[in-house]
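The values are calculated or read from the model by the stated rules, or taken from the named source; none is laboratory data. Owing to the predicted nature of the structure, the values given are computational and were not obtained by experimental measurement. Note: ideal-geometry Cβ built from the backbone for every residue, glycine included; neighbour counts use all protein chains shown.
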Amino acid sequence: MRIRLNFAQARRAVVMPVMLACLAAFLSCGQSADGSSQKISCLIITIDTLRADRLSSFGSVSVSTPGIDRIAAEGFKFTRCFAHTVTTLPSHTNIFLGVLPPNHGVHDNANFAVPPGLPTLAEIFRQAGYETAAFIGAYPLDRRFGLDRGFSLYDDDYGTQDFSRPVFVERPASEVVDRALGWLKTVSSPWFLWVHVFDPHYPYSPPEPFRSAYADNPYDGEVAYVDRELDRLFSFLRQTGLIDRTVIILTGDHGESLGEHGEKTHGYLAYNSTLHVPLIIRAPGFKGGQSQAAPVSHVDLFPTICDLLGLKKPPGLQGRSLLPALKGKKLSGEKIYFESLYPYYSRGWAPIIGYIDYPFKFIDSPLPELYNLEKDFKELNNLAPGRDLKKERQLLAALCQAASGPEAEAARVSPSRESLERLRSLGYLGGGSAARQDFKPSDDVKSFLPYENRAEEAMTLFHQNGRVQEAIDLLQANLREKGDHDLSYSYLSSLYLETGRPGDALGVLRRGLERLPDNYTIFLTYISTLLQLGQYEEVAGSADRARSIPQAQNDPEIWNSLGSALIGLGRHEEALEFLEKALAVDPDFPAALSNRGLALLMKARSGKNRQTLEKAIDSFKEAISKNQAYAPAYNGLGAAYKTAGNTGAAITAWLQALQLDPGLNQVLYNLGFAFLERGEKVRAREYLLKYKDRVYRFLSPAEQRELDELIKRTR
């Protein structure tokens with residue numbers, strides 16, 4: 001099978017919304033319902049990973065959401081709203097740009113950023129004189145990905161941005177709502193506010209009392225918690241009277257599979273469990289308690305908001321206004337494009353694209369699917385086998401071509417080391433094989449998913465239950481049955497390393513690179529493992545492979561690793577070349593700055609060059625300025641100070657390194673030697689004995705004799 005995804009090469013189609021005959025007078029001029037001249041404000045709430053069937057106003061019987069339900073009762077429900085994508089960044093890009101992924105080019109969280117050439121909804125509001133603010137719940141919507149354009153305030157403060165603590169990439173709904181309320185209490189109308197809460201996203205860990213109340217279903221507990229927090233926002237709007245002058249839009253960016261179709265969370269498949277989302281629009285002047293089942297989608301929100309507030313719509317929007325539905329008219333059916341391309345771009349698996357032409361839904365992949373949603377909304381009866389799908393594929397190709405735009409090409413970026421690590425901490429694995437075009441049924445996401453689940457099960461057995469051999473057996477079985485499953489190589493090698501089998505770990509990674517030579521994730525693990533084992537020659541020999549892997553070009557970790565290995569080999573000039581390449585990609589990377597300092601220090605010592613030594617000290621200091629908790633930089637700074645003859649400054653730096661990382665054994669030796677030189681034998685003995693206790697058995701006989709002699713001198 002051959003699936004072409006040449007979105008960026010197609011001519012841009014300008015799809016204009018249907019022009020409405022007239023608008024309600026108070027809305028067309030932006031006035032409030034009471035007839036005053038004050039403009040209507042707008043609040044958009046996006047709840048990450050929210051299934052439509054988890055709101056009680058949309059039929060949930062497992063979770064109660066009274067706050068959102070009241071907004072739904074006062075507003076208009078669209079019971080068949082569909083996302084176009086199943087991950088966070090592309091889904092919000094659809095909403096805030098009002099165009100489809102083939103047009104804006106953002107297809108997953110890791111490999112893309114919003115292109116600058118398309119107007120955002122926030123820019124339209126700001127141009128109209130509105131105060132604009134966004135309060136973001138998690139890293140996939142960090143400002144670096146481009147959705148901050150048009151917002152005067154884009155609050156994406158998740159706490160520390162320290163790379164060494166990547167867990168701090170989300171914040172709870174309570175903090176997001178607190179920040180939003182704080183802004184609302186100071187702002188004057190009109191305003192445009194976006195509130196994004198992340199909590200229903202995996203891992204599910206609601207606070208009390210929801211943790212106990214939903215102990216058997218923590219996902220529902222997170223939804224209930226989010227409802228309580230958002231109700232504080234709604235209550236403020238009611239108490240201040242702002243609710244009568246505010247359009248409220250509430251939706252989910254995508255859903256969550258919760259095990260349906262073999263998918264535990266989201267991001268892989270494109271069934272209704274992850275595409276069907278709630279949509280509520282509460283607008284002043286419109287009758288509440290209404291609903292409509294006509295299929296609508298996220299790109300419909302941009303033109304709808306413009307019509308509701310009397311804003312000028314930019315050209316090229318690809319949705320339609322839903323205002324006629326709010327005025328009681330039945331909407332006609334529209335074809336809805338969707339995709340799931342995270343597996344394609346980040347893992348090298350086959351792409352999934354498709355469309356909904358209600359009641360039919362077509363999913364194109366090496367194992368295609370066709371469903372009648374009117375009869376089979378849960379998509380259990382695939383009508384595709386034995387059927388000629390030529391017409392469906394032609395229609396899909398036409399939709400892709402019509403949706404495509406020239407800006408899409410500008411959206412593709414190489415993910416940084418920090419981005420990959422932060423996204424991985426949220427469960428998004430990135431940096432897989434280079435994208436292909438030819439796929440077989442064995443490349444279908446559905447073919448990979450059982451092995452993906454088994455790999456995750458293996459790691460759970462190991463980390464939570466300590467069942468090492470069972471975990472290893474599962475991963476070995478994965479690789480016997482599906483040797484192109486990248487994650488199994490990485491996971492199995494990490495288990496071998498953690499259980500003291502480094503040779504087996506390297507063997508697995510070498511096998512992985514033989515089978516998947518372009519796989520970045522395996523290559524990164526391979527380089528990291530070689531460094532841990534001190535096999536610097538093999539690391540240095542991987543430079544050509546690093547240059548050939550596209551994802552490596554913008555990942556400073558690779559170049560830092562090569563530089564570190566070359567330092568270990570004493571090839572300091574070559575090391576500096578790779579370290580400068582790392583810093584050209586990420587000037588704030590503490591490890592690369594520290595390693596550059598080390599390479600300069602070694603060079604200065606061999607050449608007795610004072611100017612190079614000063615550069616080394618400056619590089620260590622710069623590393624510390626980027627991360628004051630980075631212990632290796634203090635260790636290197638101490639060594640540089642000692643070389644410069646400033647023993648006191650060296651001891652201060654080494655003591656700081658030891659305080660930050662008591663496991664830095666070399667610092668113990670450095671301190672012992674330095675105190676001995678200063679005649680402080682008691683302190684020297686203290687550190688040298690600690691050093692001996694930790695490393696003596698690993699030293700050569702000559703090194704042991706040398707250490708024993710030093711300790712004798714401390715008596």
| remark: Of the residues in segment 98-147, those that are acidic (Asp, Glu) and under 20 Å from SER340 (Cβ atoms) come to ASP108
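Can you tell me which residues in segment 643-697 are in a loop (DSSP other than H, G, I, E, B) and acidic (Asp, Glu)? Walk me through how you get there before you give the answer.
Here is the first cut: in segment 643-697, the residues in a loop (DSSP other than H, G, I, E, B) are 644-646, 661-664, 678-680.
Across segment 643-697, the qualifying residues are ASP661, GLU680.
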| message | For segment 136-161, give me each residue that is modelled with pLDDT under 90 and over 18 Å from ALA113 (Cβ atoms). | response | ASP157, TYR158, GLY159, THR160
| query | Are any residues in segment 274-306 crowded, with 24+ Cβ neighbours inside 10 Å, of a type in the set (Gly, Ala, Ser) and over 20 Å from PRO66 (Cα atoms), and if so, which ones? | reply | SER297
| In segment 483-521, residue surrounded by the most Cβ atoms within 10 Å (Cβ to Cβ) [restricted to those that are more than 22 Å from SER442 (Cα to Cα) and of a type in the set (S, T, N, Q)] | SER493
| request: With respect to GLU170, determine if the residue is farther than 27 Å from ARG282 by Cα, charged (D, E, K, R) and buried (at least 18 other Cβ atoms within 10 Å of the Cβ). | output: yes
| query | ALA623 is checked against (1) within 24 Å of ALA582 (Cβ to Cβ); (2) out of contact with any Pro (no Cβ under 6 Å at 6 or more places or on another chain) and fails just one. What number does that condition carry? | reply | (2)
| query | Restricting the first residue to segment 526-543 and requiring it to be within 14 Å of ARG510 (Cα to Cα), which pairs with a second residue that is of a type outside the set (A, V, I, L, M, F, W, C) and in a loop (DSSP other than H, G, I, E, B) meet a Cβ separation below 9 Å and a spacing of at least six or different chains? | reply | TYR526/SER542; ILE527/SER542; THR529/GLN535; LEU530/SER542
| If GLN659 passes every condition in (1) polar (S, T, N, Q); (2) out of contact with any Lys or Arg (no Cβ under 6 Å at 6 or more places or on another chain); (3) in contact (Cβ under 8 Å) with a residue 12 or more places away in the chain but one, which one does it miss? | (3)
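What do you reckon, is LYS313 under 29 Å from ARG245 (Cα atoms) and modelled with pLDDT under 95?
Numbers: under 29 Å from ARG245 (Cα atoms): yes; modelled with pLDDT under 95: no.
The answer is no for LYS313.
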| remark: Okay, helices (runs of 4 or more DSSP H) sitting entirely in segment 60-133 with 3 or more residues that are within 26 Å of TRP183 (Cβ to Cβ) and modelled with pLDDT of 95 or more, I get 66-74, 88-97, 121-127
| query | If a residue has to be in a helix (DSSP H, G or I) and more than 20 Å from GLY262 (Cβ to Cβ) to count, how many in segment 457-474 make the cut? | reply | 10
| Residues within segment 614-623 that are over 13 Å from ASN595 (Cβ atoms) and crowded, with 21+ Cβ neighbours inside 10 Å, tallied | 1
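How many of the residues making up segment 298-316 are in a loop (DSSP other than H, G, I, E, B) and in contact with a Ser or Thr (Cβ under 6 Å, 6 or more places away or on another chain)? Lay out the reasoning, then the answer.
So the first thing to find is which residues in segment 298-316 are in a loop (DSSP other than H, G, I, E, B), and the list is 310-316.
From what's left, in contact with a Ser or Thr (Cβ under 6 Å, 6 or more places away or on another chain): 310.
Qualifying residue count, segment 298-316: 1.
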| task | Sort out for me the helices (runs of 4 or more DSSP H) sitting completely within segment 167-270 that have 1 or more residues that are on the phi > 0 side of the Ramachandran plot. | result | none
